[in-house]
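**Q** Take a look at the following structure, please.
The values are calculated or read from the model by the stated rules, or taken from the named source; none is laboratory data. This structure is a prediction, so every number in the text was calculated from the model and none was measured. Cβ coordinates were reconstructed from backbone atoms using ideal geometry, including for glycine residues, and neighbour counts include every protein chain displayed. Protein only, heavy atoms only, side chains kept; ligands, DNA and RNA dropped before computing areas. Shrake-Rupley method; radii C 1.70, N 1.55, O 1.52, S 1.80 Å.
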Amino acid sequence: MDINWFRCPDCSLVLTPPVFQCKEGHLACDGCRAGKCQRCNGTFNTRNKVVEHIISVSKFKCPFTGCHGFFPFRDLRAHREACLHAPCFCAEPGCTFAAPPPTLLRHLVVDHLWPAHPVVYGQVLRLRAPLLEPRRLLHAKEDGGVFVVVIGALGAVTAVSVVCVRKAGGPSQPCYTAELRASDPPLPGAGAASMIRMPMETVTSTDRPGEVSVEKLPWVMSVPSTYLLAGVDGDGASKKLHLKIQIKKIS
C-alpha cells in the first residue's frame, strides 16, 4: 500500500487509529477531528473502522529512495529509524544535498573532493592523514557502511575519532566498535616507533558528516605534536598523522 493514501487531508500526517469521517466520508485524524471538514464543512463524528482495519493489516513501503522493503504500519517507524537508506546531509557551506550514505559519499568525493578509502571490517587500514584534511571518508563494501575520520585540535594536542555516517536510530541498526592507533616518526638509528592506542567501545553516528567536530565526540584519541610527520615543505600546516584504524561490526 502507498502510505500517502492514508494521510490526513487537513494536516498531511499519516492516519493512525482512531480515524474519523464526516457524513460525506471525508477522513480526518484524531488531532483534526475537532475542526470542520474543509471539503464539505461537515463535522467528524463517526469512526471509520474499515480504514482503521486496512491500516492495521496492510504493509507499507519504506519512503526512502533505494529501500524496497514493505512493513506493517506498527513496524514502519522503527524501520525508518534504522533504515540504511535514510537521507544524510552534506552540510558543506551553501550545499543542500541530501541522500542515503552511499550516495552522499559519492557526492562528497566528486563535488567536494573529500578523500575516501575502502575499509574491510576487522582489518587494519593504514593512513597518512594531512592535518589540512580534517575529514576523510571510509566505505565498507560488506554492508555499504560509510564512516568519517575526524581530525582536529583539542587544546595542545591533535584529536582523532571515527563516526558512522547514518541517521542515528534504534537498536536494530548495526553496531560498530573501532580501534585507533597513531605512531610517532622514529628517529634515525632508533628502535621501533612508539604508538598510542585507543579502543572505541561504540562508534557514534551522525547524519551531517560536514558538521562533526572532535570537541563534541565522546571518543577521541589525543595525539601529541611529537607524533606529527613533517610535510614536504616542513611547516606545521602540512604535517600528517600516521594512523591505523580498525573497525569491527558486532551486530
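**Q** Do you know which of the residues in segment 98-125 that are within 16 Å of the chain's Cα centre (by Cα) and in contact (Cβ under 8 Å) with a residue 40 or more places away in the chain is most open to solvent (accessible area, probe 1.4 Å)?
**A** 102
**Q** Only one of (1) touching a helix residue (DSSP H, G or I) at 6+ places or on another chain (Cβ under 8 Å); (2) within 23 Å of residue 85 (Cα to Cα); (3) polar (S, T, N, Q) is not met by residue 161, so which one is it?
**A** (2) is the only condition that residue 161 fails.
**Q** Being among the aliphatic types (A, V, I, L, M) and free of Cβ contacts under 8 Å to residues at least 60 places away in the same chain is the filter; apply it to segment 199-218 and report the residue that is nearest to residue 90 (Cα to Cα).
**A** 203
**Q** Let me ask something else. I'd like the residue in segment 1-35 that is in contact with a Cys (Cβ under 7 Å, 6 or more places away or on another chain) and among the acidic types (Asp, Glu) and, out of all such residues, is surrounded by the fewest Cβ atoms within 10 Å (Cβ to Cβ).
**A** Filtering segment 1-35 for residues that are in contact with a Cys (Cβ under 7 Å, 6 or more places away or on another chain) and among the acidic types (Asp, Glu), the one surrounded by the fewest Cβ atoms within 10 Å (Cβ to Cβ) comes out as 24.
**Q** Okay, moving on. Can you tell which of 84, 76 is under 29 Å from residue 139 (Cβ atoms), of a type outside the set (Phe, Trp, Tyr) and open to solvent by less than 70 Å² (accessible area, probe 1.4 Å)?
**A** Answer to the check: 76.
**Q** Checking the structure you have, find out if any residue of segment 226-248 is at pLDDT 85 or above, among the small types (Gly, Ala, Ser) and surrounded by 15 or more Cβ atoms within 10 Å (Cβ to Cβ).
**A** For segment 226-248, residues at pLDDT 85 or above, among the small types (Gly, Ala, Ser) and surrounded by 15 or more Cβ atoms within 10 Å (Cβ to Cβ): absent.
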